[in-house]
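Values quoted throughout were computed directly from the atomic coordinates according to the rules given, and no laboratory measurement underlies them. Please read all numbers here as calculations on a predicted model, not as lab measurements. Every residue, glycine as well, gets a Cβ built from its backbone with ideal geometry; the counts of neighbours run over all protein chains shown.
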C-alpha cells in the first residue's frame with residue numbers, strides 16, 4: 001500500500017498534502033520529454049514521494065518505471081506550491097495540496113518506453129511546439145525554462 005492510500009484510510013476525504021518531485025528531461029536537440037496517462041493532459045514526468053524516500057530517488061524511480069529512462073544527474077529548477085496546484089480526485093471526494101519540486105536533467109540514458117500497463121504516453125517535444133493539451137501550470141513553467149536553459153546547463 002502506498003503512502004497516499006494509507007493516509008486516505010486514516011484521514012478520509014480531508015485535504016492531503018503531497019510532495020510531487022518532477023523532472024524536465026531535455027535531450028541534445030533541446031526538446032523536452034513530456035508524458036501523460038491516456039486521455040489526460042501532458043506534463044513532465046514525476047511521482048508522489050513515498051515515506052523514507054528522497055525526492056531525487058522518487059523522481060528517478062518514477063521515470064525509470066513509467067518511461068524507461070535512467071536519470072544520471074538532476075539540477076533543482078524550483079519548488080512550487082499554492083492554490084493553482086491544488087487538485088481533487090476524479091470523483092471530487094479527495095482534495096490534494098501539492099508541493100511540486102522541479103528538476104532539470106540533460107544527463108540520462110535509455111530509450112523512451114512508456115509503461116503500457118499504466119496507459120502512459122511519452123515523447124520529446126520542442127519547447128516552442130508543446131501539445132495543446134499540456135497542463136497550463138507546466139506550460140507556464142516550461143516557457144520560463146526555455147528562457148533559462150543556458151543558466152541551467154549541466
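Results, tabulated for the structure shown:
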item: Extension gain (nm, one decimal) between residue 119 and residue 90, 0.36 nm per residue minus Cα-Cα; result: 8.8 nm
item: Taking the range 1-76 and dividing mean pair separation by its residue count, relative contact order in percent (alpha carbons under 8 Å, at least six apart); result: 25
item: Per-residue Cβ neighbour rank within 10 angstrom, fewest leading, 127, 104; result: 127, 104
item: Mean separation of Cα contacts under 8 Å (6+ apart) over length of the range 3-148, as relative contact order %; result: 31
item: Segment residue 56-residue 2, extension gain: residue separation times 0.36 nm, minus the distance between their alpha carbons; result: 17.7 nm
item: Beta bridges by DSSP in the range 3-148, antiparallel share as percent, to the nearest 5; result: 65
item: Percentage, to the nearest whole number, of Cα pairs in the chain over 20 Å apart; result: 50
